[in-house]
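In what follows, a single structure is set out as C-alpha coordinates and then discussed.
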Amino acid sequence: MRLLSSALVTLLTLTTFSFASSSSVLVVLDPSLDRENYSIFFGGLEKRGYNLTFRAPKDTSPAITDYGVSNYDHVILFAPDTKSYAKDITPQSLVGLLSENTNLLIALSPKQTPLTSLAAEFSLILPPPETPLISHHPARSEPQTTIPVTVSSSSPILTPGIPPVWFTGAPHALGSTPMLVPILRAPAESFAADSTSDDDSDALVTASEKGGEGLWAGSQMGLVTGFQTNVNSRVVFAGGVKMFSDEYATKELPSGGPPGNALFATDVAAWVFQEKLKLRIDAVDHRRVGESEVPKMYTTNDEIVYTAHISAYDSETSTWKPYSGIDDLQLEFTMLDPHIRTSLPPVPGSPGAYQVQFRAPDRHGVFKFVLNWKRKGYSYLESSTTVPVVPPRHDQYPRFLSAAWPYYAGAISTSAGFFLFAALWLAGDVKGERKKGSKVE
(Lines give C-alpha, C1' and ligand atoms only; values in the text may rest on other atoms or scores of the structure.)
Protein backbone atom coordinates (compact mmCIF):
# COMPACT_ATOMS: atom_id res chain seq x y z
CA MET A 1 0.00 0.00 0.00
CA ARG A 2 2.86 2.33 0.89
CA LEU A 3 4.57 1.46 -2.40
CA LEU A 4 1.38 2.24 -4.33
CA SER A 5 1.04 5.61 -2.56
CA SER A 6 4.65 6.46 -3.36
CA ALA A 7 4.11 5.57 -7.01
CA LEU A 8 1.00 7.76 -7.19
CA VAL A 9 2.87 10.70 -5.65
CA THR A 10 5.70 10.26 -8.14
CA LEU A 11 3.25 10.08 -11.06
CA LEU A 12 1.45 13.23 -9.92
CA THR A 13 4.76 15.04 -9.52
CA LEU A 14 5.89 14.09 -13.02
CA THR A 15 2.53 15.03 -14.47
CA THR A 16 2.60 18.42 -12.76
CA PHE A 17 6.15 19.05 -13.98
CA SER A 18 5.17 18.06 -17.51
CA PHE A 19 2.28 20.50 -17.58
CA ALA A 20 4.38 23.24 -15.98
CA SER A 21 7.29 22.86 -18.38
CA SER A 22 5.23 22.89 -21.60
CA SER A 23 2.94 25.41 -23.26
CA SER A 24 -0.42 24.64 -24.84
CA VAL A 25 -1.12 25.88 -28.36
CA LEU A 26 -4.46 25.83 -30.15
CA VAL A 27 -4.11 25.64 -33.93
CA VAL A 28 -7.19 26.76 -35.85
CA LEU A 29 -6.53 25.21 -39.26
CA ASP A 30 -8.68 25.73 -42.33
CA PRO A 31 -9.98 22.41 -43.73
CA SER A 32 -8.69 23.40 -47.16
CA LEU A 33 -5.12 23.37 -45.82
CA ASP A 34 -3.32 20.05 -45.59
CA ARG A 35 -1.85 19.64 -42.12
CA GLU A 36 0.95 17.48 -43.52
CA ASN A 37 2.10 20.36 -45.72
CA TYR A 38 3.00 22.28 -42.53
CA SER A 39 4.75 19.41 -40.77
CA ILE A 40 8.12 21.22 -40.61
CA PHE A 41 6.63 24.19 -38.77
CA PHE A 42 4.32 22.22 -36.47
CA GLY A 43 6.93 19.53 -35.89
CA GLY A 44 9.46 22.17 -34.83
CA LEU A 45 7.01 23.52 -32.26
CA GLU A 46 6.40 20.06 -30.84
CA LYS A 47 10.15 19.41 -30.59
CA ARG A 48 10.49 22.58 -28.53
CA GLY A 49 7.94 21.27 -26.03
CA TYR A 50 4.67 22.77 -27.22
CA ASN A 51 1.45 20.75 -26.97
CA LEU A 52 -0.52 21.37 -30.17
CA THR A 53 -4.29 20.97 -30.35
CA PHE A 54 -5.99 21.25 -33.75
CA ARG A 55 -9.52 22.29 -34.61
CA ALA A 56 -11.42 23.70 -37.58
CA PRO A 57 -12.61 27.33 -37.62
CA LYS A 58 -16.29 26.36 -37.31
CA ASP A 59 -15.80 23.72 -34.61
CA THR A 60 -17.00 24.63 -31.12
CA SER A 61 -14.71 22.22 -29.32
CA PRO A 62 -12.18 22.51 -27.88
CA ALA A 63 -13.17 25.99 -26.73
CA ILE A 64 -10.59 28.74 -26.60
CA THR A 65 -11.99 30.12 -23.34
CA ASP A 66 -14.16 28.87 -20.52
CA TYR A 67 -15.93 31.42 -18.31
CA GLY A 68 -13.70 34.18 -19.66
CA VAL A 69 -10.46 32.33 -18.89
CA SER A 70 -8.20 31.22 -21.73
CA ASN A 71 -7.58 27.48 -22.02
CA TYR A 72 -4.38 27.92 -24.05
CA ASP A 73 -1.16 29.87 -23.77
CA HIS A 74 -0.99 30.57 -27.51
CA VAL A 75 -3.33 30.46 -30.50
CA ILE A 76 -2.40 29.98 -34.17
CA LEU A 77 -5.00 31.06 -36.74
CA PHE A 78 -4.16 29.47 -40.08
CA ALA A 79 -7.54 30.09 -41.70
CA PRO A 80 -6.91 33.08 -43.97
CA ASP A 81 -9.78 32.42 -46.40
CA THR A 82 -12.43 31.47 -43.84
CA LYS A 83 -15.30 33.94 -43.69
CA SER A 84 -17.26 32.45 -40.80
CA TYR A 85 -15.99 31.14 -37.47
CA ALA A 86 -17.43 29.59 -34.36
CA LYS A 87 -18.91 31.88 -31.74
CA ASP A 88 -15.76 31.84 -29.62
CA ILE A 89 -13.61 33.22 -32.46
CA THR A 90 -14.46 36.86 -33.11
CA PRO A 91 -12.29 39.96 -33.39
CA GLN A 92 -13.50 41.03 -29.94
CA SER A 93 -12.72 37.66 -28.33
CA LEU A 94 -9.26 37.55 -29.89
CA VAL A 95 -8.48 41.02 -28.55
CA GLY A 96 -9.68 39.81 -25.16
CA LEU A 97 -7.24 36.89 -25.31
CA LEU A 98 -4.35 39.33 -25.48
CA SER A 99 -5.48 40.94 -22.24
CA GLU A 100 -5.29 37.43 -20.70
CA ASN A 101 -1.63 37.13 -21.85
CA THR A 102 -2.51 34.69 -24.64
CA ASN A 103 -0.33 35.23 -27.72
CA LEU A 104 -1.64 35.06 -31.29
CA LEU A 105 -0.11 34.10 -34.64
CA ILE A 106 -2.50 35.07 -37.44
CA ALA A 107 -2.21 34.48 -41.19
CA LEU A 108 -4.04 36.88 -43.51
CA SER A 109 -4.91 36.69 -47.20
CA PRO A 110 -5.96 39.04 -50.02
CA LYS A 111 -9.60 38.11 -49.37
CA GLN A 112 -11.98 40.06 -47.15
CA THR A 113 -12.50 38.07 -43.92
CA PRO A 114 -13.23 38.83 -40.25
CA LEU A 115 -9.47 38.80 -39.69
CA THR A 116 -9.22 41.86 -41.94
CA SER A 117 -11.18 43.94 -39.43
CA LEU A 118 -9.09 42.44 -36.63
CA ALA A 119 -5.89 43.68 -38.29
CA ALA A 120 -7.34 47.18 -38.43
CA GLU A 121 -7.64 47.12 -34.62
CA PHE A 122 -3.84 46.87 -34.48
CA SER A 123 -3.17 49.82 -36.78
CA LEU A 124 -2.59 47.70 -39.88
CA ILE A 125 -4.09 49.01 -43.11
CA LEU A 126 -4.81 46.38 -45.73
CA PRO A 127 -5.21 47.11 -49.45
CA PRO A 128 -8.52 46.52 -51.23
CA PRO A 129 -9.68 42.88 -51.41
CA GLU A 130 -8.14 40.60 -54.01
CA THR A 131 -5.01 42.76 -54.18
CA PRO A 132 -2.00 40.48 -53.68
CA LEU A 133 1.64 41.51 -53.65
CA ILE A 134 3.29 41.40 -57.09
CA SER A 135 6.91 41.67 -58.14
CA HIS A 136 8.63 41.01 -61.47
CA HIS A 137 12.09 40.83 -59.90
CA PRO A 138 14.19 38.81 -59.76
CA ALA A 139 13.70 36.85 -62.96
CA ARG A 140 12.18 33.46 -62.14
CA SER A 141 9.83 30.82 -63.46
CA GLU A 142 7.32 31.24 -60.62
CA PRO A 143 4.27 33.52 -60.92
CA GLN A 144 4.66 37.20 -60.11
CA THR A 145 2.73 36.64 -56.86
CA THR A 146 5.32 34.12 -55.59
CA ILE A 147 8.14 36.37 -54.49
CA PRO A 148 11.51 35.76 -52.82
CA VAL A 149 11.84 38.47 -50.18
CA THR A 150 15.15 39.53 -48.68
CA VAL A 151 15.17 39.37 -44.87
CA SER A 152 16.59 42.37 -43.03
CA SER A 153 19.37 41.60 -40.57
CA SER A 154 18.61 44.64 -38.41
CA SER A 155 15.66 43.11 -36.59
CA PRO A 156 16.57 41.71 -33.14
CA ILE A 157 13.80 39.14 -33.55
CA LEU A 158 15.44 37.31 -36.45
CA THR A 159 18.63 35.29 -36.63
CA PRO A 160 21.28 37.20 -38.63
CA GLY A 161 22.01 35.87 -42.10
CA ILE A 162 18.63 34.30 -42.93
CA PRO A 163 18.37 33.65 -46.71
CA PRO A 164 15.47 35.18 -48.67
CA VAL A 165 12.05 33.72 -47.92
CA TRP A 166 9.25 32.85 -50.33
CA PHE A 167 6.09 34.86 -49.88
CA THR A 168 2.61 34.79 -51.39
CA GLY A 169 -0.16 36.92 -49.97
CA ALA A 170 -1.28 40.46 -49.22
CA PRO A 171 0.84 43.34 -47.91
CA HIS A 172 -0.28 45.91 -45.39
CA ALA A 173 0.59 49.46 -44.47
CA LEU A 174 1.75 50.25 -40.96
CA GLY A 175 0.00 52.82 -38.80
CA SER A 176 1.64 55.29 -36.48
CA THR A 177 1.36 53.36 -33.21
CA PRO A 178 4.76 52.69 -31.63
CA MET A 179 3.64 49.23 -30.49
CA LEU A 180 4.04 47.82 -34.01
CA VAL A 181 7.14 45.70 -34.59
CA PRO A 182 8.08 45.36 -38.30
CA ILE A 183 9.54 41.92 -38.99
CA LEU A 184 9.48 41.51 -42.78
CA ARG A 185 8.97 44.31 -45.30
CA ALA A 186 8.03 44.11 -48.96
CA PRO A 187 10.76 44.43 -51.62
CA ALA A 188 11.35 47.93 -52.95
CA GLU A 189 10.27 46.93 -56.48
CA SER A 190 7.04 45.19 -55.39
CA PHE A 191 3.51 46.56 -55.47
CA ALA A 192 -0.03 45.47 -54.72
CA ALA A 193 -2.44 45.15 -57.65
CA ASP A 194 -5.55 43.22 -58.63
CA SER A 195 -3.98 42.02 -61.87
CA THR A 196 -0.66 40.41 -62.72
CA SER A 197 -0.52 42.03 -66.15
CA ASP A 198 1.26 45.28 -66.95
CA ASP A 199 -1.77 46.92 -68.55
CA ASP A 200 -2.29 49.23 -65.56
CA SER A 201 1.35 50.26 -65.20
CA ASP A 202 0.51 53.89 -66.04
CA ALA A 203 -1.90 54.01 -63.08
CA LEU A 204 0.84 52.75 -60.80
CA VAL A 205 3.23 55.45 -62.03
CA THR A 206 0.57 58.11 -61.45
CA ALA A 207 -0.07 56.81 -57.95
CA SER A 208 3.65 56.86 -57.16
CA GLU A 209 3.83 60.50 -58.23
CA LYS A 210 0.89 61.48 -56.05
CA GLY A 211 1.76 59.28 -53.08
CA GLY A 212 -0.70 58.82 -50.23
CA GLU A 213 -3.11 55.94 -49.70
CA GLY A 214 -3.50 55.33 -53.42
CA LEU A 215 -0.01 53.86 -53.58
CA TRP A 216 0.59 50.29 -52.44
CA ALA A 217 4.20 49.82 -53.45
CA GLY A 218 7.72 49.70 -52.11
CA SER A 219 9.44 48.69 -48.92
CA GLN A 220 7.14 50.81 -46.75
CA MET A 221 4.63 47.97 -46.91
CA GLY A 222 4.82 45.22 -44.34
CA LEU A 223 4.47 41.49 -44.97
CA VAL A 224 4.95 40.16 -41.44
CA THR A 225 4.36 42.54 -38.54
CA GLY A 226 4.22 42.05 -34.80
CA PHE A 227 2.37 43.96 -32.11
CA GLN A 228 3.13 44.02 -28.38
CA THR A 229 0.45 45.13 -25.92
CA ASN A 230 0.91 47.02 -22.67
CA VAL A 231 0.73 43.74 -20.75
CA ASN A 232 3.51 42.31 -22.96
CA SER A 233 1.31 39.82 -24.80
CA ARG A 234 2.21 39.52 -28.48
CA VAL A 235 0.47 39.05 -31.80
CA VAL A 236 1.95 38.56 -35.27
CA PHE A 237 0.13 39.15 -38.56
CA ALA A 238 1.55 37.36 -41.60
CA GLY A 239 0.32 38.39 -45.03
CA GLY A 240 0.20 34.81 -46.26
CA VAL A 241 0.02 31.33 -44.77
CA LYS A 242 2.08 29.61 -47.48
CA MET A 243 5.33 31.02 -46.13
CA PHE A 244 4.97 28.54 -43.22
CA SER A 245 4.38 25.54 -45.52
CA ASP A 246 6.77 22.69 -46.30
CA GLU A 247 6.54 23.61 -49.97
CA TYR A 248 8.08 27.03 -49.42
CA ALA A 249 10.51 25.73 -46.79
CA THR A 250 12.08 23.40 -49.35
CA LYS A 251 11.54 25.44 -52.54
CA GLU A 252 14.83 26.41 -54.20
CA LEU A 253 15.55 30.10 -54.59
CA PRO A 254 16.18 31.66 -58.04
CA SER A 255 19.85 31.93 -57.04
CA GLY A 256 19.98 28.20 -56.48
CA GLY A 257 20.27 28.13 -52.70
CA PRO A 258 17.84 26.94 -50.04
CA PRO A 259 15.23 29.43 -48.73
CA GLY A 260 15.07 30.74 -45.19
CA ASN A 261 11.38 30.07 -44.59
CA ALA A 262 11.92 27.35 -41.98
CA LEU A 263 14.33 29.42 -39.89
CA PHE A 264 12.24 32.56 -40.37
CA ALA A 265 9.08 30.79 -39.19
CA THR A 266 10.96 29.41 -36.19
CA ASP A 267 12.18 32.87 -35.18
CA VAL A 268 8.74 34.43 -35.60
CA ALA A 269 7.11 31.71 -33.50
CA ALA A 270 9.81 31.99 -30.85
CA TRP A 271 9.18 35.73 -30.51
CA VAL A 272 5.38 35.63 -30.49
CA PHE A 273 5.41 32.71 -28.03
CA GLN A 274 7.62 34.65 -25.59
CA GLU A 275 10.80 32.64 -26.12
CA LYS A 276 12.91 35.57 -27.32
CA LEU A 277 13.51 39.10 -26.04
CA LYS A 278 11.47 38.49 -22.90
CA LEU A 279 12.68 40.63 -20.01
CA ARG A 280 11.46 41.39 -16.53
CA ILE A 281 12.38 43.50 -13.49
CA ASP A 282 13.15 41.18 -10.60
CA ALA A 283 13.57 43.84 -7.91
CA VAL A 284 14.29 47.50 -7.33
CA ASP A 285 16.10 49.00 -4.36
CA HIS A 286 16.67 52.55 -3.16
CA ARG A 287 18.48 53.92 -0.11
CA ARG A 288 20.65 56.74 1.13
CA VAL A 289 24.36 56.63 0.39
CA GLY A 290 26.14 54.76 3.16
CA GLU A 291 22.98 53.06 4.46
CA SER A 292 21.67 49.54 3.86
CA GLU A 293 17.99 49.86 4.79
CA VAL A 294 15.25 51.45 2.71
CA PRO A 295 14.16 54.69 4.45
CA LYS A 296 10.54 55.62 4.94
CA MET A 297 11.20 59.10 3.58
CA TYR A 298 13.98 61.20 2.16
CA THR A 299 15.11 64.71 3.01
CA THR A 300 15.78 67.33 0.38
CA ASN A 301 19.34 67.17 -1.01
CA ASP A 302 19.87 63.61 0.23
CA GLU A 303 22.29 61.48 -1.78
CA ILE A 304 20.24 58.53 -3.09
CA VAL A 305 21.34 55.23 -4.64
CA TYR A 306 18.81 53.44 -6.88
CA THR A 307 19.36 49.85 -8.09
CA ALA A 308 17.30 47.71 -10.48
CA HIS A 309 17.79 44.00 -11.14
CA ILE A 310 16.73 42.78 -14.61
CA SER A 311 16.70 39.26 -16.02
CA ALA A 312 15.97 37.67 -19.40
CA TYR A 313 14.19 34.41 -20.17
CA ASP A 314 16.37 31.59 -21.51
CA SER A 315 14.20 29.26 -23.56
CA GLU A 316 16.86 26.54 -23.75
CA THR A 317 16.93 26.04 -19.98
CA SER A 318 13.46 27.51 -19.23
CA THR A 319 15.03 29.73 -16.58
CA TRP A 320 15.52 33.44 -15.96
CA LYS A 321 19.09 34.69 -16.10
CA PRO A 322 20.54 38.11 -15.17
CA TYR A 323 20.65 40.43 -18.17
CA SER A 324 23.02 43.38 -18.52
CA GLY A 325 22.57 44.07 -22.22
CA ILE A 326 20.58 47.32 -21.91
CA ASP A 327 22.73 50.41 -22.47
CA ASP A 328 20.01 53.07 -22.72
CA LEU A 329 18.03 52.50 -19.53
CA GLN A 330 16.85 55.69 -17.79
CA LEU A 331 15.51 56.56 -14.35
CA GLU A 332 13.14 59.44 -13.64
CA PHE A 333 12.50 61.01 -10.24
CA THR A 334 9.15 62.67 -10.79
CA MET A 335 6.53 64.72 -9.03
CA LEU A 336 3.97 65.34 -11.78
CA ASP A 337 6.93 66.22 -14.04
CA PRO A 338 10.39 64.66 -14.00
CA HIS A 339 12.64 66.65 -11.68
CA ILE A 340 15.58 64.35 -12.42
CA ARG A 341 16.14 62.20 -15.48
CA THR A 342 19.38 60.25 -15.51
CA SER A 343 20.85 57.19 -17.19
CA LEU A 344 20.79 53.89 -15.30
CA PRO A 345 23.92 52.04 -16.43
CA PRO A 346 24.74 48.39 -15.72
CA VAL A 347 27.04 47.71 -12.78
CA PRO A 348 30.37 46.18 -13.88
CA GLY A 349 30.87 42.78 -12.32
CA SER A 350 27.24 42.45 -11.17
CA PRO A 351 25.16 40.69 -13.87
CA GLY A 352 21.65 42.06 -14.16
CA ALA A 353 22.25 45.01 -11.81
CA TYR A 354 21.77 48.63 -12.91
CA GLN A 355 22.63 51.43 -10.48
CA VAL A 356 22.83 55.22 -10.30
CA GLN A 357 23.50 57.78 -7.57
CA PHE A 358 21.90 61.22 -7.55
CA ARG A 359 20.94 64.03 -5.20
CA ALA A 360 17.30 64.56 -4.25
CA PRO A 361 15.95 67.88 -5.50
CA ASP A 362 15.64 70.83 -3.15
CA ARG A 363 11.89 70.53 -3.15
CA HIS A 364 9.63 68.54 -0.86
CA GLY A 365 6.60 66.52 -1.89
CA VAL A 366 5.56 63.01 -3.00
CA PHE A 367 7.99 61.72 -5.62
CA LYS A 368 8.22 58.55 -7.71
CA PHE A 369 11.11 56.46 -8.96
CA VAL A 370 9.94 55.68 -12.51
CA LEU A 371 11.43 53.10 -14.88
CA ASN A 372 9.78 53.05 -18.30
CA TRP A 373 11.84 51.26 -20.97
CA LYS A 374 10.09 50.39 -24.23
CA ARG A 375 11.93 49.18 -27.31
CA LYS A 376 10.58 47.42 -30.38
CA GLY A 377 10.63 43.67 -30.00
CA TYR A 378 11.59 43.61 -26.33
CA SER A 379 9.31 43.17 -23.35
CA TYR A 380 8.36 46.47 -21.79
CA LEU A 381 10.02 47.25 -18.46
CA GLU A 382 7.94 49.40 -16.15
CA SER A 383 8.35 50.14 -12.45
CA SER A 384 7.06 52.90 -10.19
CA THR A 385 7.96 53.39 -6.51
CA THR A 386 6.46 56.22 -4.46
CA VAL A 387 8.54 57.95 -1.77
CA PRO A 388 8.01 61.20 0.21
CA VAL A 389 10.67 63.90 0.25
CA VAL A 390 10.42 66.21 3.27
CA PRO A 391 12.28 69.39 4.27
CA PRO A 392 14.92 69.12 7.01
CA ARG A 393 13.78 69.08 10.64
CA HIS A 394 14.40 72.15 12.79
CA ASP A 395 17.51 70.54 14.28
CA GLN A 396 18.85 69.46 10.90
CA TYR A 397 19.51 72.91 9.52
CA PRO A 398 23.13 74.20 9.79
CA ARG A 399 23.80 76.67 12.56
CA PHE A 400 25.64 79.07 10.31
CA LEU A 401 25.44 79.56 6.57
CA SER A 402 28.58 80.54 4.73
CA ALA A 403 26.57 82.61 2.27
CA ALA A 404 25.13 84.68 5.15
CA TRP A 405 28.43 85.90 6.60
CA PRO A 406 27.86 89.49 5.33
CA TYR A 407 24.61 89.60 7.28
CA TYR A 408 26.28 88.09 10.32
CA ALA A 409 29.08 90.70 10.11
CA GLY A 410 26.53 93.53 9.75
CA ALA A 411 24.55 92.34 12.76
CA ILE A 412 27.68 91.89 14.91
CA SER A 413 29.14 95.27 13.92
CA THR A 414 25.83 97.01 14.64
CA SER A 415 25.57 95.35 18.04
CA ALA A 416 29.20 96.17 18.87
CA GLY A 417 28.73 99.79 17.82
CA PHE A 418 25.61 100.07 19.95
CA PHE A 419 27.32 98.68 23.04
CA LEU A 420 30.35 100.95 22.48
CA PHE A 421 28.13 104.00 22.10
CA ALA A 422 26.16 103.08 25.21
CA ALA A 423 29.34 102.56 27.20
CA LEU A 424 30.76 105.93 26.17
CA TRP A 425 27.47 107.68 26.89
CA LEU A 426 27.05 106.22 30.31
CA ALA A 427 30.67 106.56 31.34
CA GLY A 428 31.24 110.05 29.92
CA ASP A 429 31.97 113.26 32.03
CA VAL A 430 28.87 115.51 32.54
CA LYS A 431 30.19 117.81 35.40
CA GLY A 432 30.84 120.73 33.11
CA GLU A 433 27.20 120.76 32.04
CA ARG A 434 26.09 120.90 35.71
CA LYS A 435 28.36 123.90 36.56
CA LYS A 436 27.17 125.77 33.54
CA GLY A 437 23.67 125.24 34.65
CA SER A 438 24.38 126.67 38.12
CA LYS A 439 25.79 129.91 36.69
CA VAL A 440 22.65 130.45 34.67
CA GLU A 441 20.59 130.30 37.78
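The values are calculated or read from the model by the stated rules, or taken from the named source; none is laboratory data. Keep in mind that this is a model prediction, so the values were computed, not measured. Note: ideal-geometry Cβ built from the backbone for every residue, glycine included; neighbour counts use all protein chains shown. Only protein heavy atoms, including side chains, enter the accessible area calculation; ligands, DNA and RNA are left aside. Shrake-Rupley method; radii C 1.70, N 1.55, O 1.52, S 1.80 Å.
Being out of contact with any Phe, Trp or Tyr (no Cβ under 6 Å at 6 or more places or on another chain) and assigned by TED's automatic domain parsing to the domain that holds Val224 is the requirement here; does Gly325 meet it?
On the way: out of contact with any Phe, Trp or Tyr (no Cβ under 6 Å at 6 or more places or on another chain): yes; assigned by TED's automatic domain parsing to the domain that holds Val224: no.
No, not satisfied.
Have a look at Ile89, Ile157 and point out the one that is within 26 Å of the chain's Cα centre (by Cα) and of a type in the set (Val, Ile, Thr).
Values: Ile89 fails: within 26 Å of the chain's Cα centre (by Cα).
Selected residue: Ile157, the only one of Ile89, Ile157 that is within 26 Å of the chain's Cα centre (by Cα) and of a type in the set (Val, Ile, Thr).
Please specify each residue of region 34-57 satisfying the condition of being open to solvent by 40 Å² or more (accessible area, probe 1.4 Å), hydrophobic (A, V, I, L, M, F, W, C) and either touching a residue at least 60 places away in the same chain (Cβ under 8 Å) or not assigned by TED's automatic domain parsing to the domain that holds Leu97 (or both). First the steps, then the outcome.
So in region 34-57, the residues open to solvent by 40 Å² or more (accessible area, probe 1.4 Å) come out as 34-37, 39-40, 46-48, 51, 53-54.
If we keep only those that are hydrophobic (A, V, I, L, M, F, W, C) as well, we get 40, 54.
Listed by number, the list holds a single entry, Ile40.
Name the single residue, out of those in region 265-302 being within 30 Å of Leu184 (Cα to Cα) and in contact with a His (Cβ under 8 Å, 6 or more places away or on another chain), that is most open to solvent (accessible area, probe 1.4 Å). Give the derivation first.
Step one: list which residues in region 265-302 are within 30 Å of Leu184 (Cα to Cα), which gives 265-281.
Filter again for in contact with a His (Cβ under 8 Å, 6 or more places away or on another chain), leaving 272-273, 281.
Details: Val272: 0, Phe273: 8, Ile281: 45 Å².
Here the residue is Ile281.
Would you say Glu121 is without any contact (Cβ under 8 Å) to a residue 40 or more places away in the chain and either open to solvent by 10 Å² or more (accessible area, probe 1.4 Å) or of a type in the set (Asp, Glu) (or both)? Don't jump to the end; show me each part of the working.
Details: without any contact (Cβ under 8 Å) to a residue 40 or more places away in the chain: yes; either open to solvent by 10 Å² or more (accessible area, probe 1.4 Å) or of a type in the set (Asp, Glu) (or both): yes.
Yes; evaluated as a whole, the condition is true for this residue.
Being of a type in the set (Val, Ile, Thr), over 28 Å from Ser315 (Cβ atoms) and surrounded by fewer than 20 Cβ atoms within 10 Å (Cβ to Cβ) is true for just one of Thr60, Thr82. Which residue is that? Before the answer, list the steps.
Values: Thr82 fails: surrounded by fewer than 20 Cβ atoms within 10 Å (Cβ to Cβ).
Every option except Thr60 fails the conditions.
Are any residues in region 146-161 in contact (Cβ under 8 Å) with a residue 24 or more places away in the chain, open to solvent by less than 30 Å² (accessible area, probe 1.4 Å) and assigned to a loop (DSSP other than H, G, I, E, B), and if so, which ones? Walk me through it before giving the result.
First pass over region 146-161, keeping only residues in contact (Cβ under 8 Å) with a residue 24 or more places away in the chain: 147-152, 155-159.
After this cut, where a residue has to be open to solvent by less than 30 Å² (accessible area, probe 1.4 Å) as well, the list is 147-149, 151, 155, 157-158.
Matches in region 146-161: Val151, Ser155, Ile157, Leu158.
Taking the condition of being within 27 Å of Leu118 (Cβ to Cβ) and either assigned to a strand (DSSP E or B) or open to solvent by 10 Å² or more (accessible area, probe 1.4 Å) (or both), how many residues in region 247-259 meet it? Before the answer, list the steps.
Within region 247-259, the subset within 27 Å of Leu118 (Cβ to Cβ) is 247-249.
With either assigned to a strand (DSSP E or B) or open to solvent by 10 Å² or more (accessible area, probe 1.4 Å) (or both) added as a condition, the list becomes 247, 249.
Qualifying residue count for the region: 2.
Which ranges mark the strands (runs of 3 or more DSSP E) fully within region 21-111 that have 1 or more residues being under 24 Å from Leu126 (Cβ atoms), touching a Leu at 6+ places or on another chain (Cβ under 6 Å) and modelled with pLDDT of 95 or more? Steps first, answer last, please.
Working: elements: 23-29, 50-55, 74-78, 103-107.
Correct list: 23-29, 74-78, 103-107.
Got a sec? Which of Ala203, Ala262 is open to solvent by 20 Å² or more (accessible area, probe 1.4 Å) and either β-branched (Val, Ile, Thr) or at pLDDT below 95 (or both)?
Details: Ala262 fails: either β-branched (Val, Ile, Thr) or at pLDDT below 95 (or both).
Just a single option satisfies the conditions, and that option is Ala203.
Quick one: how many residues across region 206-232 are under 20 Å from Leu174 (Cβ atoms), modelled with pLDDT of 85 or more and in a loop (DSSP other than H, G, I, E, B)?
6
Filter the strands (runs of 3 or more DSSP E) completely within region 317-417 down to those with at least 1 residues that are closer than 30 Å to Ala270 by Cα and open to solvent by 70 Å² or more (accessible area, probe 1.4 Å).
On the way: elements: 319-322, 330-335, 337-343, 353-359, 365-373, 381-390.
Fully inside region 317-417 and qualifying: 319-322, 330-335, 365-373, 381-390.
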